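A.B. asks: Please see the structure below; I have some questions.
The values are calculated or read from the model by the stated rules, or taken from the named source; none is laboratory data. In this text, all values refer to a predicted model and were calculated from it rather than measured experimentally. Neighbour counts run over all protein chains shown; Cβ positions are idealised from the backbone, glycine included.
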Amino acid sequence: MNRTDIAVTGLGLLTPGGLRTDTSWRSVCTGLSTAATDPELKGMPVDFSCRVPGFDAMATLGPQVWRMDRFVQFAIAAAREAVTDAELSPETWDGARVGVVIGVGTESKYAMDDAMQRRFDGRPLTVSPLTVPRMTTNMAAGEVAIDLGIMGPSMAVSTACASGATALGVARDLLLADRCDIVLAGGSEASCHPVTSLCFSQMKALSPRVKDPARASRPFDKDRDGFVLGEAAGILVLERGADADARHATVRAYFQGYGTSTDAYHYAASHPHGAGIERAFRSALADAGMEPADIEHINAHGTSTPMNDRIEAQALSRLFPAGPPPVTSTKGVTGHTLGAAGAIEAAFSVLALQDQLIPPTANFDSPGPGIDLDVVTAAPREQSLRAVASNSFGFGGHNSVLIFRAAR
């Protein structure tokens, strides 16, 4: 075991597919979309989303939830599951050697919306003094640290829809620099809010299929017409491989490589030739000590938007001249969970390695123009997997690519 091997020893997921890792994974493997009409979005041009089902914050977290926004509640629930899965305990670890890095794409609209409504109603002095600590992006990491007694580095990462993946890369660097022995890393987002939906709708980024929400998210399909808003949290427990072995931990997979780049092209659109995507992917391969041929599956960013899916597909075709390995976009099932997407998709990549199973892409019937990919569809595909990649890209030109290898 090389000391620079970074082990994934715990997973925690809270997604539109379920409140735990196992239920979320089973949902993704069905290849059935979770999108449905959302009562909270009534009156919006796009009134459907992919929501986390049946989340009871009070029952899950207790009375402390009064001070927390929904994205913070999600993060704590996922972090607790991940720590339990890793067979770790805050009572026995050295909290000063534990870190937490959580990506969040947008600040809370719930807390700000309430404050603004009170102001416009002529009740400014009834605005909660907790509005700022409820809404700021760092509070997911801060409250997870408080909940679990983490006293090492604690930080938020915000690179739009790449935030969860970037957070994992930052966490990996903390371990390699020996600043921590354990890092909880991932992303959390509670984005199914009327303001968020309205803003994306005005950008023409959301699918307008209000009469058929379940068919709206269709990554790489020729009839794709926008993404579906989703919410989720995903936390991974990362340790150096030698440390995981020393405590006889079960290693789910190894986080082998991380690559990141910036397009420096446009505030919202990807570089039209996918140059930044290629740079990030090649950087991840170099970090992992791998060649393109070593990658046997890609969990694509695949948002279901016309331009971005085509750009990503063409970049992958250039990276893999003989043809990219089997590709899936789990956003067909979960919708686009923004800052949480890179984290939950990293977890799905780890689970694909564990189960030797590639989940299908929901609603994919036939590829759109310029898309020459082996898109897994209809049912999970059993395949021998040793190394997989997960792509995440975000507004501002942020690109992050993660590579995981099997533990066996």
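A.B. asks: Could you check, for region 182-189, whether at least one of its residues is at pLDDT below 95 and crowded, with 24+ Cβ neighbours inside 10 Å?
C.D. replies: No, region 182-189 has no match at all.
A.B. asks: Taking the stated definitions as given, is Gly332 closer than 22 Å to Ser33 by Cα and in a helix (DSSP H, G or I)? Before you say what the answer is, go through the steps one by one.
C.D. replies: Working: closer than 22 Å to Ser33 by Cα: yes; in a helix (DSSP H, G or I): yes.
Yes: the conditions hold for Gly332.
A.B. asks: Let me ask something else about it. Please verify whether region 323-346 includes one or more residues that are basic (Lys, Arg), over 22 Å from Leu168 (Cα atoms) and touching a residue at least 60 places away in the same chain (Cβ under 8 Å).
C.D. replies: no
A.B. asks: How many residues are part of a loop (DSSP other than H, G, I, E, B) and crowded, with 16+ Cβ neighbours inside 10 Å if we restrict to region 190-224?
C.D. replies: The total comes to 13.
A.B. asks: Which count do you get for residues in region 39-52 that are exposed (fewer than 15 other Cβ atoms within 10 Å of the Cβ) and not in a helix (DSSP H, G or I)?
C.D. replies: Result for region 39-52: 3.
A.B. asks: Next question, about the same structure. Working carefully through the options Ala340, Ala362, find the one that is over 25 Å from Met290 (Cα atoms), of a type outside the set (Phe, Trp, Tyr), under 17 Å from the mean Cα position of the chain (by Cα) and modelled with pLDDT of 95 or more.
C.D. replies: Ala340
A.B. asks: Kindly indicate which of Val52, Val104 is farther than 22 Å from Thr166 by Cα and touching an Asp or Glu at 6+ places or on another chain (Cβ under 8 Å).
C.D. replies: Val52
A.B. asks: Sticking with this one: Quick test of your reading of the structure: Val251 fulfils all but one of (1) in contact (Cβ under 8 Å) with a residue 24 or more places away in the chain; (2) of a type outside the set (Phe, Trp, Tyr); (3) in the same structural domain as Val28 (by TED's automatic domain parsing); (4) surrounded by fewer than 24 Cβ atoms within 10 Å (Cβ to Cβ). Name the failing condition by number.
C.D. replies: (3)
A.B. asks: Considering region 89-125 alone, what residues qualify as being of a type in the set (A, V, I, L, M) and out of contact with any helix residue (DSSP H, G or I) (no Cβ under 9 Å at 6 or more places or on another chain)?
C.D. replies: Ala96, Met116
A.B. asks: List every residue pair whose Cβ atoms sit under 8 Å apart, with the two residues 6 or more apart in sequence or on different chains, where the first one lies in region 119-130 and is closer than 20 Å to Asp69 by Cβ and the second, anywhere, is basic (Lys, Arg).
C.D. replies: Thr126/Arg118; Val127/Arg118; Val127/Arg119; Ser128/Arg134; Leu130/Arg67
A.B. asks: Search region 65-74 for residues being in contact (Cβ under 8 Å) with a residue 12 or more places away in the chain and not in a loop (DSSP other than H, G, I, E, B), and hand back the single one that is farthest from Thr159 (Cα to Cα).
C.D. replies: Among residues in region 65-74 that are in contact (Cβ under 8 Å) with a residue 12 or more places away in the chain and not in a loop (DSSP other than H, G, I, E, B), the one farthest from Thr159 (Cα to Cα) is Arg67.
A.B. asks: Okay, moving on. Among Asp85, Asp114, Asp69, Asp94, which is the only one that is in contact with a Lys or Arg (Cβ under 6 Å, 6 or more places away or on another chain) and assigned by TED's automatic domain parsing to the domain that holds Thr166?
C.D. replies: Going through Asp85, Asp114, Asp69, Asp94 in turn, the sole match is Asp69.
A.B. asks: Can I ask one more? Examine region 75-82 for a residue that is touching a strand residue (DSSP E or B) at 6+ places or on another chain (Cβ under 9 Å), surrounded by fewer than 21 Cβ atoms within 10 Å (Cβ to Cβ) and assigned to a loop (DSSP other than H, G, I, E, B), and state whether such a residue exists.
C.D. replies: No: region 75-82 contains no residue that is touching a strand residue (DSSP E or B) at 6+ places or on another chain (Cβ under 9 Å), surrounded by fewer than 21 Cβ atoms within 10 Å (Cβ to Cβ) and assigned to a loop (DSSP other than H, G, I, E, B).
A.B. asks: Whether any residue in region 236-253 is over 30 Å from Trp93 (Cβ atoms) and assigned to a loop (DSSP other than H, G, I, E, B) is what I want to check.
C.D. replies: Scanning region 236-253 turns up no residue that is over 30 Å from Trp93 (Cβ atoms) and assigned to a loop (DSSP other than H, G, I, E, B).
A.B. asks: Identify all residues within region 86-111 that are surrounded by fewer than 22 Cβ atoms within 10 Å (Cβ to Cβ), in a helix (DSSP H, G or I) and in contact (Cβ under 8 Å) with a residue 60 or more places away in the chain; write none if there are none.
C.D. replies: Within region 86-111, Arg97, Tyr110 meet the criteria.
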